[in-house]
Amino acid sequence: QVQLVESGGGLVQPGGSLRLSCAASGSTSSFYAMGWYRQAPGKQRELVAGIIRGGTTNYADDVKGRFTISRDNAEEMAYLQMNSLKPEDTAVYYCGIRSPYSRYWSAVAYWGQGTQVTVSS
């Protein structure tokens, strides 16, 4: 059984920073590709950033240069450093593990429960 637990969300002013953490446990063979996703009210869940075990990263265009994804393979942790936050970054952020049978970031096998990020003055 794989479990993902996110933390680090909260309320921040525009231009501020937050760091999200995702703690993973369970079958480690599933943890090749981990990603951060977000879902704003009335919108579909979308990939924010992804990272594979070797360190290759992938970012959504609107967060490039502002967000940084990283992972600690030994501790089975993933992080999302978010800088220069904007009101449009407001969403529930989810940690996800991509299916080991797919190369598409939309093919998520496991989800965390999500953490709310609100960017507002």
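The values are calculated or read from the model by the stated rules, or taken from the named source; none is laboratory data. This is a predicted model, so every value here is computed, not measured. We place every Cβ from the backbone using ideal geometry, glycine too, and count neighbours over all the protein chains shown. Each accessible area value is taken on the protein alone, full model and side chains, heavy atoms only, with ligands, DNA and RNA left out. Shrake-Rupley method; radii C 1.70, N 1.55, O 1.52, S 1.80 Å.
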Legend entry - Residue within segment 29-45 that is touching a helix residue (DSSP H, G or I) at 6+ places or on another chain (Cβ under 6 Å) and touching a residue at least 40 places away in the same chain (Cβ under 8 Å) present: no
Inset, instruction - Taking SER121 as the residue in question, decide whether it is outside any strand (DSSP E or B), hydroxyl-bearing (Ser, Thr, Tyr), modelled with pLDDT of 95 or more and on the phi < 0 side of the Ramachandran plot. - result: yes
Legend entry - Search result, residues across segment 52-65 that are part of a strand (DSSP E or B) and modelled with pLDDT of 95 or more: THR57, ASN58, TYR59
Inset, instruction - Please work out which one of (1) more than 11 Å from the chain's Cα centre (by Cα); (2) farther than 15 Å from GLY96 by Cβ; (3) loosely packed, with under 15 Cβ neighbours inside 10 Å is the condition VAL63 fails and give its number. - result: (3)
Inset, instruction - Give segment 73-113 a look and list any residue that's among the polar types (S, T, N, Q) and not in a loop (DSSP other than H, G, I, E, B), or say none. - result: GLN81
Inset, instruction - Filter segment 22-48 down to the residues that are closer than 18 Å to ARG66 by Cβ and open to solvent by less than 50 Å² (accessible area, probe 1.4 Å), then identify the one that is nearest to the chain's Cα centre (by Cα). - result: TRP36
Inset, instruction - Collect the residues in segment 8-21 that are assigned to a strand (DSSP E or B), open to solvent by 60 Å² or more (accessible area, probe 1.4 Å) and not hydrophobic (A, V, I, L, M, F, W, C), keeping them in residue-number order. - result: ARG19
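Quick grid of which residues meet (1) farther than 24 Å from SER25 by Cβ; (2) modelled with pLDDT of 95 or more; (3) surrounded by 15 or more Cβ atoms within 10 Å (Cβ to Cβ):
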site	(1), (2), (3)
PHE67	yes, yes, yes
GLU76	no, no, yes
GLN81	no, yes, yes
THR90	yes, yes, yes
SER102	no, no, no
ALA109	no, no, no
GLY114	no, yes, yes
